[in-house]
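Step one of this worksheet: look at the structure below.
Coordinate-derived values only; no laboratory data. Computed from a predicted model, the values in this text were never measured in an experiment. Here the Cβ positions follow ideal geometry from the backbone for every residue, glycine too, while neighbour counts run over all protein chains shown.
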Amino acid sequence: MAAPLLLAIDQGTSGTKAILVDGVGAIIARGHAPVGETHPNPGWVEQDPIAIWHSVQRAVAVCLDGQDAGRVVAVGLSTQRESIVMWDRITGAPITPVISWQDQRTAALCDEFRSPEVERLVRARSGLPLDPMFSAIKARWLLQTHAGAMAAVRDGRAVIGTIDSWLLSRFSNDDPVIEVGNASRTQLLHVADVTWDPDLLEVFGVPAAVLPRLTRSTGPFPSTRGLAPVPDGTPVMAVMGDSHSALFAHGAFAPGQIKATYGTGSSVMGLIARPDALHPGVCLTIGWQMDRPAFAAEGNIRATGAALRWMASILGMSVDAMTELGARSQSRGAVLVPGFTGLGAPWWDRDAVGLLTNLSLDTTPAELARAALEAVVHQVADVVAVIGDNVGTVRDLFTDGGPSRNDALMQMQADLLGCTVHRSAAAELSALGVAHMAGLAAGVWSEAALRDLPRPRDTILPRETGDDRAAQRAQWQAAIARARSGLACRSATIETA
C-alpha cells in the first residue's frame, strides 16, 4: 500500500496556500493562488466568496500537480478568522460579499451598542471586547443594510458563517457547520460553555436559525467534493483558524508556551489552564477542540509589519534596508507608537493616536529605523506580559511570519522579554498545524508521535540585562500613555523632546 499523504489548505486574506505532507511530517509539495479584495468605501474591505473558493481549487491543483492524489487520506483546512459571508442554504449561492476581518464600517454601529452593561455582557460571555473586527457586529450590519438579506432570513434560506463554514459548504450545504475555534471569534459564542449564546444573539440581532451547527476541530465535517484532483469523498479531518493552527504547529500544547505570528499585525497566543480570571487586555478564545476545548488567551496587535513598512516609506528605502539600518543603531530615546488606527491588545483603544516622540534636532534616520523595530518588539512584549499574568513566567516564545525572518528583530525580542525565542523554519505554519491535526485524527500519528515530529527552528537566547529591559519598557510605557492621553490631535503626531 502506498504511504499516506495529508493535504492541508490555508485560506488567508491575500491568498490560499496548499501543502502536501508525508508520514514523517515533511512538506513534499506546495501550491498557492492569490485572492483580491475591494474597498467600496473608506474603511470597507470586501472579498468575493466565489473567488475565495476558486483560489482553494487552484492552490490544491497546483500542489497536487504530478502527485498521486489517491494517496491523500485526509484533508485539513486552516482559514482567516472573523470575516463573514451570507449564502443561500438551498442553492449554496452567496447572498453577500465576504466582509473582511479588517473592515471598519461597523465602528459607528459599535458605538451605538456601547454601554457598560453591553460591554460587560459581551466580554463575560464571548471573551472578546466590543470591536468592529469581530463577526457579530458585521452580521448585524448585513442584516440591517444588505438588499435581500432579511428576505432570505424570512424564507429560511439564509446562512451566515465564517470562511471555514463557507468553504465546507462547497462540499455539502445540507447541514452547514462551523468549527468551534472559528466560532469563538464571532462574538456570538458563550466560549466557556461552547454554545451559541441567546443573550448575545439578542444583543446583536442575529437569529439563531442563520447560524451553522457547531462542531469540534476534528469534525465531523463533510467530505470533499469538486476539489480535483482530490477524489470526491476524501475525508476532511481537521479545521482550525489560522492563528490557532500556527500555535498547534509549533507544538505549543501546554500553558506558558506562547507564539507570536508577525505579519501586517500580530497575533500573540498561548493556551491557558482556566478560562476565567483573564486579563481584560487579551481575548479568551478556543484554540481547538478534540475531546475537551483547549482555551487560549490571545492579543491582536494592529500594526507590526505595517509599522516597519510605514517607517521605510518615510525614510525612502525598502523595508529590508530600513531594518538593516535600525539593527546596527540605537534609538537614543526616540519612540514610535504605531497607533495608526488606534491600538489593539492589550489596550483596545480606538482613540489612541500614532506618535513619534522624544526627537531632537540631531535625531538621525538610523535612530528612527531603530524606533520602528522597537515598536514591534514592545507591542509583542505588552501582550506577552498580560498573558503571563495568567500562566506565570514566560520562558519561551515561538515565532513565525515574514518579519520573524529578520535575525536582528528576533534578537531584540529575546532581549526585551528576557526569554528564549524559538523561530520556526517553516513558512507554512498555519497549513502545517492543521495537517498535524488531520494526521492525528486520521491515525497517521499517535499523540506521542505527533509530539516527536521534527519541527525545525532557530533558537535565539536573550543577551540584555534586566536593568536595560526595565529602562526600555518604562520609556515605551510613557510613550503609550501619551498616545492614549487624548491631548494629541487625532492624526499621527510628532513631538520633540
> Once amide H atoms are built 1.01 Å from N in the peptide plane, which residues 5 or more positions from PHE398, or in another chain, come under 5 Å H to H?
Replying inline: ILE258, LYS259, ALA260, HIS422
>> Need one number: % antiparallel among DSSP beta bridges in the chain, to the nearest 5.
In response: 65 percent
>> Defining a contact as two alpha carbons under 8 Å apart and six or more residues distant in sequence, what relative contact order in percent does region 31-87 show?
In response: 35 percent
>> Need one word for region 164-257: rounded, prolate or oblate. Basis is the Cα gyration tensor (sqrt eigenvalues a ≥ b ≥ c); a/c below 1.5 gives rounded, then a/b vs b/c decides.
In response: oblate
> Using θ = phi - 60° and the Karplus curve 6.51 cos²θ - 1.76 cosθ + 1.60, what whole-Hz ³J(HN,Hα) does each residue of region 188-201 get, with Gly and Pro shown as x?
Replying inline: 10, 9, 6, 5, 5, 8, 6, 9, 4, 9, x, 5, 5, 4
>> Quick check on the chain: helices-only [θ] at 222 nm, where DSSP H runs of length 4 and up contribute -39,500 (n - 2.57) each and the sum goes over total residues. Nearest 500, please.
In response: -10500 deg cm²/dmol
> How would you rank 111-122, 370-381, highest first, on the average number of other Cβ atoms within 10 Å across their residues?
Replying inline: 370-381, 111-122
>> I want to make sure I understand the PRE zone here: with the label point 7 angstrom from the Cα of ALA408 toward its beta carbon, which residues in region 349-365 have backbone N atoms less than 19 Å away?
In response: 363-365
> Under 5 Å between amide H atoms, partner at least 5 residues away or on a different chain: which partners does LEU77 have, H built in plane at 1.01 Å?
Replying inline: ILE9, ALA238, VAL239, MET240
> Which whole-Hz couplings ³J(HN,Hα) result when phi for each residue of region 87-96 is put into the Karplus expression 6.51 cos²θ - 1.76 cosθ + 1.60, θ = phi - 60°, listed in order with x for Gly and Pro?
Replying inline: 9, 8, 6, 8, 8, x, 6, x, 9, 10
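Size of the dipole of region 337-410 about the Cα centre, Lys and Arg at +1 and Asp and Glu at -1 on the beta carbon, nothing else charged, in debye to 20?
Charge dipole of region 337-410: 100 debye, to the nearest 20.
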> Packing-wise, with mean Cβ within 10 Å as the measure, how do 87-95, 172-180 rank, highest first?
Replying inline: 172-180, 87-95
> Among ALA8, PHE204, GLY23, whose Cα sits farthest toward the positive end of the charge dipole of region 5-234 (+1 at Cβ of Lys/Arg, -1 at Cβ of Asp/Glu, about the Cα centre)?
Replying inline: GLY23
> Given H placed on each backbone N at 1.01 Å, which residues far from ARG457 in sequence or on other chains put an amide H within less than 5 Å of it?
Replying inline: ALA425
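Packing-wise, with mean Cβ within 10 Å as the measure, how do 415-427, 458-470 rank, highest first?
So the order, starting with the most tightly packed, is 415-427, 458-470.
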>> About the Cα centre, and with charges only on the beta carbon of Lys, Arg (+1) and Asp, Glu (-1), how big is the dipole of region 248-497? Nearest 20 debye, please.
In response: 200 debye
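Calculate the dipole size of the chain relative to its Cα centre from +1 charges on Lys and Arg beta carbons and -1 charges on Asp and Glu beta carbons; express the result in debye to the nearest 20. Each step should come with its number before you reach the end.
Values: 41 positive and 50 negative charges, 11 e Å.
I would put it at about 60 debye.
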> Applying the Karplus parametrisation 6.51 cos²θ - 1.76 cosθ + 1.60 with θ = phi - 60° to the phi angles of region 21-28, what ³J(HN,Hα) value in whole Hz is obtained for each residue in order, glycine and proline being reported as x?
Replying inline: 10, 8, x, 9, x, 8, 7, 10
>> How many angstrom lie between the Cα centre of region 251-283 and the Cα centre of region 72-146?
In response: 21 Å
